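Undergrad: Before anything else, here's the structure in question.
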Amino acid sequence: MKYINKNLSIEKVKVQDISKKFGTPTYCYSYGQLKKNIDDFKKNFSSFAPLICFAIKSNTNVNLIREIRKFGLGADVVSIGELMMALKAGIDPKKIVFSGVGKTTDEINYAIDKKILLINAESKSEIIEIERIARSKKKIVNIGIRLNPNTDAKTLKQISTGKKENKFGVDEKTFFALVNYSKLSKNISLKCLSVHIGSQILDYKPYEKMLKVVDKIIKKSNHKFKFIDLGGGMGISYEKNNKKLNYQKYNIAIKKFLRNHKSKIIFEPGRSIVGNIGSLISKVIYIKENGKKDFIILDAAMNDLMRPALYGANHRTLPAIKTNQTSKKIYEFVGPICESTDKFTTLKKFQKLKEKDLVVMCDVGAYGMSLSSNYNVRPKPSEILIKGSKMNVIKKRQKLKDLI
Ligand code: PLP
């Protein structure tokens, strides 16, 4: 995304033209950036050619997932709906892993029938349920066990998943007990150890620590795991001067780990694949003065982009057309929803805005549209995929008549 003759443009299309054609608020994704992210991700770990399972939860648009599939990626799913979506996008079941602490009987049934690669179980009860269903179908089902490595991901508390107090995975003692249980079972085959310590991780050291724990546990378990699923969590730069995850160091740590373990590595990245491909275009409805601060009331709200309200996330915000006038006021960008948390960002220095101007929130491709809701009976925005100068609607704006 860059300014071409003062017009903010996504690939070769002006934000203003997108708004004219499709209205606002609208999510836009750059195909070029998607391709670059996937190419870079593959290059970073090319020496051991991992299976990359895109975390569907980060973006559930079936047409976008279809594009991701064309690059050879599989999927990480956490519900029957996500599994159906991955299959609908044509993802090979043999490249699908199923994570999550609360898979229901129906979900396990469906996953077994679809012959997916792995069901990554997260408790003893779940393993017993998978075994029961597999027995009733006279099948042997491949499973993984998710380990809780009690490793601090050094990220936001709300998106940390690898500490003892988090609900995810099982502790070391339970892990060993479940390995032994699985070995004795006729209907489950233990193929994988999985971990996922959190999201938006920018420091490689937690990953190093996690690998040390996994190394120790595999040696102690005396089991040969065909797959080691290291989850996702690779962070992206939301602010211009955000530090970047050192992929080289992470890669070195994995290569070292693989010297002792001849397993296939699986990754489950979401944010690092789609985070920076997305922008949310929104129009200023009103500007409301409030002393030193003006409220910039946008037509996008927390139901369209939940991350700021949910965990205080900040998204870079840019004007669609650059002028040389700076506002003397502090701007607080808010939505029209009846909640004080319906607020995107507060900026001390921004270009002077007027009503009906367009602004763009950046890096909303992950956990943007997928976390959206119909709160306040607001239809969900349209989604557009930009490829060079082409604009393709990959999801139509919801209609009010379908909500009422
Ligand atoms: N795998 C699992 C099990 C997850 O819970 C998540 C996200 O929470 C992911 C993968 C994707 O994480 P990210 O989008 O940070 O790469």
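Undergrad: Tally the residues that are modelled with pLDDT under 95 and open to solvent by 70 Å² or more (accessible area, probe 1.4 Å), restricting the search to region 107-151.
TA: The qualifying residues number 1.
Undergrad: Which count do you get for residues in region 166-205 that are within 16 Å of the ligand (Cβ to nearest atom) and outside any strand (DSSP E or B)?
TA: Residues that pass the stated criteria total 12.
Undergrad: To continue, here is another question. Which is over 19 Å from residue 122 (Cα atoms) and among the β-branched types (Val, Ile, Thr), of 228, 252?
TA: 252 is the lone residue from the list that is over 19 Å from residue 122 (Cα atoms) and among the β-branched types (Val, Ile, Thr).
Undergrad: Can you tell me which residue in region 231-251 is most open to solvent (accessible area, probe 1.4 Å), limited to those that are in a helix (DSSP H, G or I) and either over 24 Å from residue 57 (Cα atoms) or modelled with pLDDT under 95 (or both)?
TA: Per the stated criteria, the residue is 248.
Undergrad: Then there's this: Anything in region 264-293 that is touching a residue at least 60 places away in the same chain (Cβ under 8 Å) and not in a strand (DSSP E or B)? List them, or say none.
TA: 268, 269, 270, 271, 272, 273, 274, 275, 276, 277
Undergrad: In region 69-103, which residue that is within 14 Å of the ligand (Cβ to nearest atom) and touching a Leu at 6+ places or on another chain (Cβ under 7 Å) is nearest to residue 130 (Cα to Cα)?
TA: For region 69-103, the residue satisfying everything is 98.
Undergrad: Based on what the data block shows, is residue 208 surrounded by fewer than 22 Cβ atoms within 10 Å (Cβ to Cβ) and either over 18 Å from the mean Cα position of the chain (by Cα) or within 16 Å of the ligand (Cβ to nearest atom) (or both)?
TA: Yes.
Undergrad: Let me ask another. So, of the residues in region 333-345 that are touching a residue at least 40 places away in the same chain (Cβ under 8 Å) and over 23 Å from the mean Cα position of the chain (by Cα), which turns out to be least open to solvent (accessible area, probe 1.4 Å)?
TA: Top of the filtered list is 337.
Undergrad: Pairs needed: first member in region 89-100, buried (at least 16 other Cβ atoms within 10 Å of the Cβ); second member anywhere, among the aliphatic types (A, V, I, L, M) and assigned to a loop (DSSP other than H, G, I, E, B); C-beta distance under 7 Å; at least 6 residues apart or different chains.
TA: Listed pairs, sorted by first residue: 93/116; 95/117; 96/116; 96/117; 97/117; 98/116; 99/78; 100/78.
Undergrad: What number of residues within region 367-385 satisfy the criterion of being hydrophobic (A, V, I, L, M, F, W, C) and either over 19 Å from residue 89 (Cβ atoms) or without any contact (Cβ under 8 Å) to a residue 40 or more places away in the chain (or both)?
TA: Looking only at that region, the number is 2.
Undergrad: Evaluate region 283-295: report whether one residue or more is under 30 Å from residue 225 (Cβ atoms) and of a type in the set (Val, Ile, Thr).
TA: no
Undergrad: Can residue 145 be described as on the phi < 0 side of the Ramachandran plot and touching a Phe, Trp or Tyr at 6+ places or on another chain (Cβ under 9 Å)?
TA: Answer is yes for this residue.
Undergrad: Which of the residues that make up region 46-67 are away from the ligand (no atom under 14 Å from the Cβ) and farther than 30 Å from residue 380 by Cα?
TA: 46, 47, 48, 49
Undergrad: Residue pairs, Cβ under 8 Å, 6 or more apart or interchain, first in region 160-189 and farther than 15 Å from residue 126 by Cβ and open to solvent by less than 50 Å² (accessible area, probe 1.4 Å), second in a loop (DSSP other than H, G, I, E, B) and of a type in the set (S, T, N, Q). List them.
TA: 160/166; 161/199; 162/148; 162/150; 162/151; 166/148
Okay, residues lined up against (1) within 13 Å of the ligand (Cβ to nearest atom); (2) β-branched (Val, Ile, Thr); (3) open to solvent by 50 Å² or more (accessible area, probe 1.4 Å); (4) within 21 Å of residue 2 (Cα to Cα):
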{"site": "222", "(1), (2), (3), (4)": "no, no, yes, no"}
{"site": "253", "(1), (2), (3), (4)": "no, no, no, no"}
{"site": "258", "(1), (2), (3), (4)": "no, no, no, no"}
{"site": "267", "(1), (2), (3), (4)": "yes, no, no, no"}
{"site": "274", "(1), (2), (3), (4)": "yes, yes, no, yes"}
{"site": "282", "(1), (2), (3), (4)": "no, no, no, yes"}
{"site": "313", "(1), (2), (3), (4)": "yes, no, no, no"}
{"site": "320", "(1), (2), (3), (4)": "no, no, no, yes"}
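The values are calculated or read from the model by the stated rules, or taken from the named source; none is laboratory data. From a predicted model like this one, the values you see are computed outputs, not experimental measurements. No Cβ is skipped: glycine too gets one built from the backbone with ideal geometry, and neighbour counts run over all protein chains shown. Side chains are part of the model used for accessible areas, which takes the heavy atoms of the whole protein and leaves out ligands, DNA and RNA. Shrake-Rupley method; radii C 1.70, N 1.55, O 1.52, S 1.80 Å.
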